[in-house]
Amino acid sequence: MNIFDIITINVLQSAIRLATPIILAALGAALCNKAGVLNLGIDGFITMSAFVAIVSTYLIRNFTAIGMMHPVLATFLGVLITALFGGLLGLIYAFLKDRFNVDLVVLSIATNMLALEITVYIMRAVFHQSGTWSDSSIVQLPSIELPLISSIPVLGDLLSGYNIIVYLSWIFAVLLIVLMKKTKWGRYITAVGENRDAAVSVGISVTKVRYFALILSGVLSGLAGAFLSVGHLTLFTRDMSAGRGWLGNAAALFGFNNPGGAFAAGLFFGFADALALRLQNVTKIPSYIIQVMPYVLTIVILSIVSYKALRDRRKRKAA
Amino acid sequence: MKKIKAINLAMPVSAIILGVIASMLLIALTGVSPLSVLETLLKDGFGLSGKVAPLFMTLGTSTPLMLTGLAAMLGFKVGVFSIAQEGQYVMGAIIAAWLGASLNLPSPIAVPMIMILSMAVAALYGLIPALLKVKLGVNEIISSIMMNNIAAYVLEYLVAFPMRADAGQKAQSAVINRDYWLYQFVYGSRWGISFVIAVVLLIVAYFVIFKTGKGYKVRMVGQNINFASYGGIRSDKVIITTLTTGAAIAGLAGCMEVLGNYHRIMTGFSSGLGFDGLSVAMLGMSHPAGVFIVSILLAGIRQGAQLGLQISLSVPRELGAVLIALVILFVAVSDVYRPALERLLSRKERKNRRKEG
Amino acid sequence: MNAITFENISKYYPSTEVQASDNVSFSIRKGEIHAICGENGAGKSTLMNILFGLERMDSGRILINEEEVTLRNASDALAHGIGMVHQHFKLVPSFTVAESILLGTEEKPFISKKSEVEAVRELSEKYSLPIDPSALIDTLPVGMLQRVEILKMLIRNVEILILDEPTAVLTPNEVGPFLDTLRNLKERGKTIIFISHKLQEVLDASDRITVMRKGKFIGTKESKETNIYELADMMVGRKVLLSVDKKPSVPGETILSVENINVTSSSGLKILDNVSFSVRRGEIYGIAGVSGNGQEALIKAIAGEVQVRSGVIRISGKEVQNLSVEQKRKAGMAYVPEDRVHVGLNVEASLLDNSLLGYEDEKCFKKGMFLDEKKLRERAEKMISDYQIYGSSVDGLVSKLSGGNMQKVVLAREFEHVPDLLIVEQPVRGLDVGSIEFVHKAIIEERDKGTAVLLVSVELDEILSLSDRVGVMYSGSLAGELSGDEINETNIALLMVGKKGGVE
């Protein structure tokens, strides 16, 4: 079998779709890591956001005048509300860290546990649904064909025809790359993350940097969650995130916490996912072998990076 | 001294109270009276009536919690926030299911052998993040999460392909040799010999940690690594040994769930049990007695929610898990209300003193 | 005109019960190089941190250019034209020189690398401090990092520059050019405050010198009108000697021998330079010297696990320089470290737990596989009564104890097995008079039992009243050794400032 029989344009398109939530999570995680506030709650943020997205879309669609008249608009509003909800989660994290110096690692573990269960609980208690919940009135986010680009052969198919959250993930990636590389704020974020004292001694506010990083990572997680529940399908199931947040954390480390690197790693993980699905259909290679790769690679990369850092330190000591 | 002990006890207690209050609000969503929910939880979590008494089932469910809780506790004691128990638990279970279905030895030889090998493999699996942490300084949380996911995929692969029993709907391994099943005190309760082993291990852990030189080293490294190193304790070695021991115990938990309860492994075998262990260790104040009590408490809540709430009150069974998660959440944010709690305690103390005086 | 005037500055740290600044008043003239000298803990850094807005004073006033100011944080200080170069550099490893210098001063949101490099180049030329603006911080030597820190302040147009122990991190070759830099900056009208305890440098570089001791202002001298001896006296102070009853020592065989050891720091600086000495059974060998002259590395090499580059350390004839702490302890070493709160004790644990460290594997404390708790309790009770430890029971937390009682716990544990070699480091720092007497008596008793005692102290009177022989550290090597009648204040003070010829 030819490699191009396996990796078709459809596979690449599904790779981009599968990568989108991972990329969003990875961008947020990378930003937080750069700012020196490890956010391991992203996976839980995504699950809760997915739930909020479908619920808010459902409510707007069925109980507001705008929603009843413009079903698509209801979905867009649902996405917007979810982005704000994610930002609120980030804000709460930042507040607890800044004001009370709460341990974010422990908080994140609690968040992830709670997210998993409380979404299902509310789904059952309020909507009397078990397992999955969807409502036929909800319309998924429409695909948008990009003018000009969509007419380019092959590339047009690859880069066009996704919903708005996919494009937003690209825009955020570019914005964050510019922010970190080209602006003074990016420099401040790096300074706070790498040497807090250095930042404080020249009057940079650690508080502002932390709030910014955590809130933005929340917004990005919100978009990732909305993408899962109203972006492609219109349903919510238990554990909607299914570890994508953790993959995002891994991708951020994989990409050395640079937004560009995190984007590339997220894309790569998405591709691995798509390839796994494809191989399952056309070959006998078990998909798990490919799905497990991101985790193995992350451990390997982490070990190599840490080993190098350690060796450099030793070298300098010996010198 | 007394005040410090009081605050250590008051913290988990207030987290539980706050968790229960928050859960009551969630129950209100269903329109069911919170009091009847509590009653059902108690009856179906800890009661003694019914075909198989709920209390026995709770004791059965608490067994793996005790062991993963103990494993997490060992990490805490040596100063490492380890969340790798999940993967180790799965690894132990895989080895048990594999050997249990393939060995052809008399059970007095096979069962101990299966247990030891499960523990050994889990220990090796736990050695990886421990070494990465101590030798290279890799963040143990990130590496543990990766290791847990890898274990989950290995399990999924194994039950889907090489270990799959039949091409039927569910991906699961073959049932293990009937002779290797661990004895249950009440059939169908899951409460059996593995519970006794878990309790014995908790008791052993108590004595080792608080009464031996080895345990002393573990505690000193966990509390003040500079002090330990100054006194000649090899802290690297102590951390690695302790984490690996914890890994073996988590592996044993997985092994005994297979031998004593499921008798095979299947897709989705571990549903967050590792994190449950972490919760147990945190709420149990990193003490074997605390781990014992909290394991039973959490298992009972879950059991009661599973059995009673959904069926008799049609309150979603997830309430049990939500309650537990909320309690952990309130532990996590305890820095917020801790000062108030301390003030309250010291005021009480002063009042008591005045009364005495 | 005065650039800065301190008026009655006081600062007390309740957590450590230290009066770091005690009613300090003096002033600094505009355009001078003003050195502030004093021992560790004299309050120099606290005062400078107050001036730079990093610490708040309890009472007092600060005047800048004769006007009272309030300094709440570093930004306030910078706005008043005060800049500070800390002893531990505050730099981001992954940044370039230009990025580090300009951090926080950027006006426009978007960064232009080209104009930044240009700006830094201009600045470095203006002050004749050459540096490569695109070099990475991670790759620069310490002297260059210091230059980055100075430029970082200069680009903020500071008029007053504080330098905290600037020469401590420099190699001898770097010190000369650095002092030139200070003079150069002075010529351009800047006021320089520079903290140091290296008296020769201070005399060479400064216009005036202020000496502080134990949080108090001692005096300000014109550099031209004073000398190294007067400054040393001011720094150390003539204190009333505590009388300690001490019989003449009866030294036995050599227990500790240190032969030509060399230790290098992570940045390649020579910390110990060919140090040799020996300590015999039944004597107290005092290591004197201004702190920061290699004592810390010496102790770490003997009692810890710092690798020596070359040389041999023997305890009772056994080579130990490559052994673990555990093995050194087995060889008969006991050690009372300087930092009892974070190293010598585990304050979050009980007195019982603290009494056990180092003995947890001893057979005599075991009953089967368990620790013999009854025996250990009795032992701890005995320690409490023998060493008069007040404030806690066997099960009480050590954090509840006062400083003196904490130190008694350390002594009780370390003296337990009558060690062959006892290392004591700053044993009475921060203790009250009663505890000081107790600790000193206990050390002498150990000596009389036949232990070889190595005492490291920067307190001259402690060295004088306890030591049978004295080695003085200066700049990483042993400047001289004194015994018998040679041990007096003048001789030690001379060696402390590196005057080898001081001993007749």
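Within the range A:188-226, how many residues turn out to be within 9 Å of another protein chain (Cβ to nearest Cβ), closer than 13 Å to A:Gly36 by Cα and open to solvent by less than 10 Å² (accessible area, probe 1.4 Å)?
Of the residues in that region, 2 qualify.
So which residues in the range C:80-89 are more than 9 Å from chain A (Cβ to nearest Cβ) and open to solvent by 30 Å² or more (accessible area, probe 1.4 Å)?
Hits for the range C:80-89 are C:His80, C:Gln87.
Looking at A:Asp135, A:Asp103, A:Asp98, which is the one that is more than 28 Å from B:Arg317 (Cβ to Cβ), of a type in the set (D, E, K, R) and more than 10 Å from chain B (Cβ to nearest Cβ)?
Residue meeting the stated conditions: A:Asp98.
If B:Met285 meets every condition in (1) more than 13 Å from chain A (Cβ to nearest Cβ); (2) of a type outside the set (S, T, N, Q); (3) assigned to a helix (DSSP H, G or I) apart from one, which number is that one?
(3)
Tally up the residues in the range C:473-497 that are under 9 Å from C:Asn293 (Cβ atoms) and open to solvent by less than 60 Å² (accessible area, probe 1.4 Å), please.
5
Any idea which residue in the range C:38-59 is farthest from the other protein chains (Cβ to nearest Cβ), counting only those that are touching a Ser or Thr at 6+ places or on another chain (Cβ under 6 Å) and buried (at least 16 other Cβ atoms within 10 Å of the Cβ)?
Per the stated criteria, the residue is C:Gly43.
Output the strands (runs of 3 or more DSSP E) that fall wholly within the range C:400-504 and possess 2 or more residues being of a type in the set (A, V, I, L, M, F, W, C) and out of contact with any Gly (no Cβ under 7 Å at 6 or more places or on another chain), or say none.
Correct list: C:421-425, C:452-456.
Could you run through the range B:111-158 and say how many residues are at the interface with another protein chain (Cβ under 9 Å from one of its Cβ atoms) and either under 23 Å from B:Lys237 (Cβ atoms) or at pLDDT 95 or above (or both)?
Result for the range B:111-158: 11.
Please specify each residue of the range C:315-344 satisfying the condition of being open to solvent by 50 Å² or more (accessible area, probe 1.4 Å) and either at pLDDT 95 or above or touching a Lys or Arg at 6+ places or on another chain (Cβ under 8 Å) (or both).
Correct list: C:Glu326, C:Glu338.
Looking only at residues in the range B:304-341 that are more than 23 Å from A:Phe100 (Cα to Cα), among the small types (Gly, Ala, Ser) and in contact (Cβ under 8 Å) with a residue 40 or more places away in the chain, which one is surrounded by the fewest Cβ atoms within 10 Å (Cβ to Cβ)?
Checking each candidate, the answer is B:Ser312.
Every residue, every condition in (1) within 30 Å of B:Ala325 (Cα to Cα); (2) outside any helix (DSSP H, G or I); (3) in contact with an Asp or Glu (Cβ under 9 Å, 6 or more places away or on another chain), yes or no:
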| site | (1), (2), (3) |
| --- | --- |
| A:Phe85 | yes, no, no |
| A:Leu89 | yes, no, no |
| A:Val102 | yes, yes, yes |
| A:Gln140 | no, yes, no |
| A:Val166 | no, no, no |
| A:Ser169 | no, no, no |
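Identify all residues within the range B:259-288 that are farther than 25 Å from B:Trp181 by Cβ and open to solvent by 50 Å² or more (accessible area, probe 1.4 Å); write none if there are none.
Answer for the range B:259-288, where residues must be farther than 25 Å from B:Trp181 by Cβ and open to solvent by 50 Å² or more (accessible area, probe 1.4 Å): B:Phe275, B:Met285, B:His287.
Tally the residues that are outside any helix (DSSP H, G or I) and free of Cβ contacts under 8 Å to residues at least 12 places away in the same chain, restricting the search to the range A:39-66.
Total satisfying the criteria: 1.
Where the second residue is in a loop (DSSP other than H, G, I, E, B) and open to solvent by 30 Å² or more (accessible area, probe 1.4 Å) and the first is of a type outside the set (Lys, Arg) and lies in the range C:103-120, which pairs have Cβ atoms under 7 Å and are six or more apart or on separate chains?
C:Gly104/A:Gly203; C:Thr105/C:Ile155; C:Thr105/C:Arg156; C:Val117/C:Ser134
Taking C:Val202 as the residue in question, decide whether it is surrounded by 15 or more Cβ atoms within 10 Å (Cβ to Cβ) and out of contact with any helix residue (DSSP H, G or I) (no Cβ under 9 Å at 6 or more places or on another chain).
no
Considering (1) in contact with a Leu (Cβ under 6 Å, 6 or more places away or on another chain); (2) under 30 Å from A:Ser108 (Cβ atoms), say which one B:Trp191 fails and leave the rest.
Against the list (1) in contact with a Leu (Cβ under 6 Å, 6 or more places away or on another chain); (2) under 30 Å from A:Ser108 (Cβ atoms), B:Trp191 comes up short only on (2).
Kindly indicate the residue of the range A:279-296 that is modelled with pLDDT of 85 or more and out of contact with any Phe, Trp or Tyr (no Cβ under 7 Å at 6 or more places or on another chain) and also farthest from the other protein chains (Cβ to nearest Cβ) among those meeting that condition.
Among those residues, the one meeting the criterion is A:Val296.
Got a sec? Which of B:Val13, B:Val52, B:Val32, B:Val20 is under 16 Å from B:Val280 (Cβ atoms), of a type in the set (A, V, I, L, M) and open to solvent by 20 Å² or more (accessible area, probe 1.4 Å)?
Sole residue among the options that is under 16 Å from B:Val280 (Cβ atoms), of a type in the set (A, V, I, L, M) and open to solvent by 20 Å² or more (accessible area, probe 1.4 Å): B:Val13.
Which condition breaks for C:Glu425 when tested against (1) within 14 Å of chain B (Cβ to nearest Cβ); (2) at pLDDT 90 or above; (3) open to solvent by 20 Å² or more (accessible area, probe 1.4 Å); (4) under 15 Å from C:Val336 (Cα atoms)?
(3)
I'm trying to understand the selection: among the residues of the range C:374-395, which are without any contact (Cβ under 8 Å) to a residue 12 or more places away in the chain and in contact with a helix residue (DSSP H, G or I) (Cβ under 7 Å, 6 or more places away or on another chain)?
C:Lys375
Scan the range B:103-147 for residues that are of a type outside the set (Gly, Ala, Ser), part of a loop (DSSP other than H, G, I, E, B) and closer than 17 Å to B:Val78 by Cβ and jot them down.
Selection gives B:Val138, B:Asn139.
What residue, of C:Gly391, C:Gly434, is at pLDDT below 90 and away from chain B (no Cβ under 14 Å)?
After applying the criteria, what remains is C:Gly434.
Answer yes or no: is there a residue in the range B:173-196 that is open to solvent by 60 Å² or more (accessible area, probe 1.4 Å), more than 30 Å from B:Lys51 (Cα to Cα) and either at pLDDT below 90 or more than 14 Å from chain A (Cβ to nearest Cβ) (or both).
No, the range B:173-196 has no match at all.
I'd like the full set of residues that are open to solvent by 70 Å² or more (accessible area, probe 1.4 Å) and over 18 Å from the mean Cα position of the chain (by Cα), limited to the range A:79-100.
A:Ile92, A:Phe95, A:Arg99
Can you work out which of the residues in the range A:69-83 that are part of a helix (DSSP H, G or I) and out of contact with any helix residue (DSSP H, G or I) (no Cβ under 7 Å at 6 or more places or on another chain) is farthest from A:Leu233 (Cα to Cα)?
That would be A:Met69.
Mind telling me which of the residues C:Lys190, C:Lys214 ends up being touching an Asp or Glu at 6+ places or on another chain (Cβ under 9 Å) and either open to solvent by 20 Å² or more (accessible area, probe 1.4 Å) or under 20 Å from C:Val142 (Cβ atoms) (or both)?
Just a single option satisfies the conditions, and that option is C:Lys214.
Give the residues of the range C:382-398 that are touching a Ser or Thr at 6+ places or on another chain (Cβ under 9 Å) and in a helix (DSSP H, G or I), sorted by residue number.
Within the range C:382-398, C:Met383, C:Ile384, C:Val398 qualify.
The values are calculated or read from the model by the stated rules, or taken from the named source; none is laboratory data. Just so you know, these numbers come straight off a predicted model, no measurement behind them. Cβ: placed from backbone, ideal geometry, glycine included. Neighbour counts: every protein chain shown. Quick note on the areas: whole protein, heavy atoms, side chains included, nothing else; ligands and nucleic acids left out. Shrake-Rupley method; radii C 1.70, N 1.55, O 1.52, S 1.80 Å.
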